[in-house]
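Quick one: this structure, given as structure tokens, is what I'll be asking you about.
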Amino acid sequence: MLTFDNRFLQELPGDPDTSNQLRQVFNACWSRVMPTPVAAPTLLAYSEEMLHALELSEADIQSADWVNALSGNGIIPGMQPYAMCYGGHQFGNWAGQLGDGRAISLGEVINSKGDRWELQLKGAGVTPYSRMADGRAVLRSSVREFLCSEAMHHLGIPTTRALSLVQTGDVVIRDMFYNGNPQAEKGAIVCRVSPSFIRFGNFEIFAMREDKATLQTLVDFTINRDFPELAAYPQEERLAEWFAIVCVRTARLIAQWMRVGFVHGVMNTDNMSILGLTIDYGPYGWVDNFDPGWTPNTTDAAGRRYCFGRQPDIARWNLERLAQALYSLQPEREIFDEGLMLYDQTYNKEWGAILAAKFGFALWRDDYEPMINEVFDLMYHAEIDMTEFFRKLALVDATQPDLTVLESAAYSPALWDTFKPRFTAWLNQYAHAIHADDRDPAERRQAMNSVNPRYVLRNYLAQQAIDLADQGDSSMIDELLDVLRKPYDEQPGKEGFAALRPDWARHKAGCSMLSCSS
Ligand code: AMP
Ligand code: MG
């Protein structure tokens with residue numbers, strides 16, 4: 001029996017209108033709305049780790065009551081479905097009210113350890129915030145969100161989680177390429193789980209509407225519920241301290257994305273978690289050949305606002321928007337400037353530590369920088385796979401550097417040949433540096449392998465799992481979920497899941513570029 005404690009609903013002002021009509025919602029943080037039932041739900045996959053966190057059994061989640069609850073066909077006692085009201089800056093522009101247009105929260109579960117887990121269905125039908133869309137999600141995007149949420153967690157990266165993936169039995173119409181060619185696709189629903197789904201945009205909407213009262217109520221609520229470490233702070237210092245913590249957490253998150261080559265793809269302020277979690281898996285992607293300018297999002301292709309290399313700057317820009325919203329509560333520039341400075345400092349410190357760890361140095365030295373810049377430049381021009389490169393770098397023998405250990409990371413034999421002389425020079429320099437760093441080679445290798453994953457959710461792997469699931473076979477979802485549980489371990493027999501992007505996937509939709517249409 002789950003214990004629900006729906007604080008978001010109980011403690012924050014809600015929308016008195018209970019109809020499910022599109023509207024602007026004022027002075028309220030949520031609207032009550034029931035999921036729209038689906039035709040024939042089937043449970044395709046679930047996360048065992050999330051089952052345990054929620055203290056549910058396999059029998060529970062496979063029961064008719066739960067499959068119904070996870071697909072919007074019923075609710076479990078204690079659930080009180082609602083959609084959140086938020087706004088956001090999309091691609092640099094204020095977009096007004098957005099809100100949960102296809103996400104419906106079911107309630108907040110408290111487990112026996114006191115952990116809070118909000119359950120939220122994504123793709124559960126229209127809400128007052130659905131704008132022009134249908135409130136639904138397709139199988140391909142749901143598989144991607146389900147798998148990546150859990151994969152990120154196992155990589156040790158803060159993220160919202162996923163409990164389940166349900167196929168609805170309904171079709172959803174999507175114009176995937178925005179080229180006037182809509183197709184019927186299978187519908188699906190992911191049950192996401194997080195201690196909080198509050199985004200920067202939840203605060204921005206009230207500031208933009210000059211509704212200071214609701215903004216203050218939401219800030220107080222967020223601090224009380226989600227930042228208990230601030231309870232002891234004097235009232236007048238809390239906002240500054242809280243903003244500083246959000247800046248630090250965001251900096252750490254982005255540094256972690258950069259570590260593993262994750263590109264979010266839509267870093268709008270409504271997709272920024274106040275807890276510093278990865279949230280809203282849409283057209284995200286994983287860097288294959290190292291390229292700071294790569295964006296997985298077709299909508300972003302022209303401007304590359306959300307490309308790999310810009311993520312640290314964009315997160316800061318988003319924090320500036322949050323600062324702007326909070327400024328109305330306490331118009332003191334310094335407190336926000338300090339928070340933003342802390343963002344810069346934290347990011348630089350984290351990134352320095354990550355670089356040292358990825359390259360296997362016990363001690364970081366600033367004069368390594370030109371050497372690191374040189375190899376990133378080489379990796380870009382020579383089209384070197386980021387994941388494979390760092391994994392193989394651990395095999396370099398400091399006393400006898402041999403370039404052939406890195407060759408498997410090259411996509412193009414021709415480019416590899418062209419850049420061999422520069423790579424050789426670089427490798428000698430690197431070998432010299434690790435020799436001087438004087439770390440036990442076995443220890444260095446192990447340390448490097450604990451930050452450089454062997455297995456990430458490469459875009460083409462997700463797409464293969466999707467193509468199979470679309471034909472009614474969800475086995476690869478389970479298999480991937482299992483491999484990605486131990487991303488840093490060599491897994492004999494599973495080497496195929498570490499393979500570089502094959503040629504066929506280089507320009508295939510879903511593998512190299514993704515649209516927002518999901
Ligand atoms: P995103 O950029 O995917 O995070 O979504 C931006 C906004 O569009 C959010 O308010 C979403 O709830 C809304 N949205 C996206 N897809 C749909 C959909 N199929 N139906 C209703 N609202 C949607
Ligand atoms: Mg979103």
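Filtering segment 103-123 down to residues that are within 13 Å of ligand 2 (Cβ to nearest atom) and crowded, with 23+ Cβ neighbours inside 10 Å, which residue is farthest from the chain's Cα centre (by Cα)?
Taking the candidates together, the pick is Gly123.
To continue, here is another question. State whether the residues of segment 148-157 include one that is β-branched (Val, Ile, Thr) and surrounded by fewer than 22 Cβ atoms within 10 Å (Cβ to Cβ).
Within segment 148-157, one or more residues are β-branched (Val, Ile, Thr) and surrounded by fewer than 22 Cβ atoms within 10 Å (Cβ to Cβ).
List every residue pair whose Cβ atoms sit under 9 Å apart, with the two residues 6 or more apart in sequence or on different chains, where the first one lies in segment 431-448 and is in contact (Cβ under 8 Å) with a residue 24 or more places away in the chain and the second, anywhere, is open to solvent by 60 Å² or more (accessible area, probe 1.4 Å) and not in a loop (DSSP other than H, G, I, E, B).
The qualifying pairs are Ile434/Pro441.
Among what's in segment 124-145 and is more than 16 Å from ligand 2 (Cβ to nearest atom) and more than 15 Å from Arg102 (Cα to Cα), pick the residue that is most open to solvent (accessible area, probe 1.4 Å).
Arg140
Every residue, every condition in (1) under 28 Å from Gln97 (Cβ atoms); (2) open to solvent by 20 Å² or more (accessible area, probe 1.4 Å); (3) not assigned by TED's automatic domain parsing to the domain that holds Arg225, yes or no:
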site	(1), (2), (3)
Gly14	yes, yes, yes
Arg23	yes, yes, yes
Cys29	yes, no, yes
Pro35	yes, no, yes
Met50	no, no, yes
Glu58	no, yes, yes
Ser71	yes, no, yes
Met84	yes, no, yes
Gly87	yes, no, yes
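Among the numbered criteria (1) crowded, with 21+ Cβ neighbours inside 10 Å; (2) assigned to a helix (DSSP H, G or I), which one does Tyr380 miss?
(1)
Ok, one more. Hand me the list of helices (runs of 4 or more DSSP H) wholly inside segment 433-483 holding 2 or more residues that are open to solvent by 60 Å² or more (accessible area, probe 1.4 Å), under 21 Å from Ser47 (Cβ atoms) and of a type in the set (Asp, Glu).
475-483
Let me ask you something else. Residue by residue through segment 92-102, note down the ones that are crowded, with 19+ Cβ neighbours inside 10 Å and in contact with a helix residue (DSSP H, G or I) (Cβ under 7 Å, 6 or more places away or on another chain).
Residues satisfying the conditions are Gln97, Leu98.
Could you tell me which numbered condition Asp175 fails, if it satisfies all but one of (1) away from ligand 1 (no atom under 11 Å from the Cβ); (2) open to solvent by 30 Å² or more (accessible area, probe 1.4 Å); (3) at pLDDT 95 or above?
Every condition holds for Asp175 apart from (3).
Please give the number of the condition Ala425 fails out of (1) among the hydrophobic types (A, V, I, L, M, F, W, C); (2) under 29 Å from Asn297 (Cα atoms); (3) open to solvent by 30 Å² or more (accessible area, probe 1.4 Å).
With respect to (1) among the hydrophobic types (A, V, I, L, M, F, W, C); (2) under 29 Å from Asn297 (Cα atoms); (3) open to solvent by 30 Å² or more (accessible area, probe 1.4 Å), Ala425 is out only on (2).
If you check Gln324 against the conditions, is it open to solvent by 20 Å² or more (accessible area, probe 1.4 Å) and either closer than 30 Å to Pro441 by Cα or in a helix (DSSP H, G or I) (or both)?
Considered against the rule, which asks whether it is open to solvent by 20 Å² or more (accessible area, probe 1.4 Å) and either closer than 30 Å to Pro441 by Cα or in a helix (DSSP H, G or I) (or both), Gln324 comes out as yes.
Let me ask something else. Among the residues in segment 468-475, are any in contact with an Asp or Glu (Cβ under 6 Å, 6 or more places away or on another chain), touching a residue at least 40 places away in the same chain (Cβ under 8 Å) and on the phi < 0 side of the Ramachandran plot?
Checked segment 468-475: no residue is in contact with an Asp or Glu (Cβ under 6 Å, 6 or more places away or on another chain), touching a residue at least 40 places away in the same chain (Cβ under 8 Å) and on the phi < 0 side of the Ramachandran plot.
Could you tell me which residue of segment 66-97 is farthest from ligand 1 (Cβ to nearest atom), considering only residues that are over 21 Å from Arg136 (Cα atoms) and either modelled with pLDDT under 95 or not in a strand (DSSP E or B) (or both)?
Among those that are over 21 Å from Arg136 (Cα atoms) and either modelled with pLDDT under 95 or not in a strand (DSSP E or B) (or both), it is Pro77.
Taking segment 257-266 on its own, how many of its residues are more than 10 Å from ligand 1 (Cβ to nearest atom) and either open to solvent by less than 10 Å² (accessible area, probe 1.4 Å) or not assigned by TED's automatic domain parsing to the domain that holds Gly352 (or both)?
Within segment 257-266, residues that are more than 10 Å from ligand 1 (Cβ to nearest atom) and either open to solvent by less than 10 Å² (accessible area, probe 1.4 Å) or not assigned by TED's automatic domain parsing to the domain that holds Gly352 (or both) number 6.
Next question, about the same structure. If you go through segment 257-300, how many residues are of a type in the set (D, E, K, R) and assigned to a loop (DSSP other than H, G, I, E, B)?
So the count comes out to 3.
Under 6 Å between Cβ atoms, which residue pairs at least 6 apart in sequence (or on different chains) link something in segment 9-20 that is in a loop (DSSP other than H, G, I, E, B) with a partner that is open to solvent by 60 Å² or more (accessible area, probe 1.4 Å)?
Qualifying pairs under 6 Å: Thr18/Arg32.
Now for a different question. Suppose the filter is open to solvent by 40 Å² or more (accessible area, probe 1.4 Å), touching a Phe, Trp or Tyr at 6+ places or on another chain (Cβ under 6 Å) and among the hydrophobic types (A, V, I, L, M, F, W, C); does Trp294 pass it?
yes
Report, by residue number, each residue of segment 81-102 that is closer than 16 Å to Cys191 by Cα and away from ligand 2 (no atom under 15 Å from the Cβ).
Selection gives Pro81, Tyr82.
The values are calculated or read from the model by the stated rules, or taken from the named source; none is laboratory data. On a predicted model such as this, the values are computed, not experimentally measured, just so you know. Note: ideal-geometry Cβ built from the backbone for every residue, glycine included; neighbour counts use all protein chains shown. Ligands, DNA and RNA are excluded from the accessible area calculation, which covers all protein heavy atoms including side chains. Shrake-Rupley method; radii C 1.70, N 1.55, O 1.52, S 1.80 Å.
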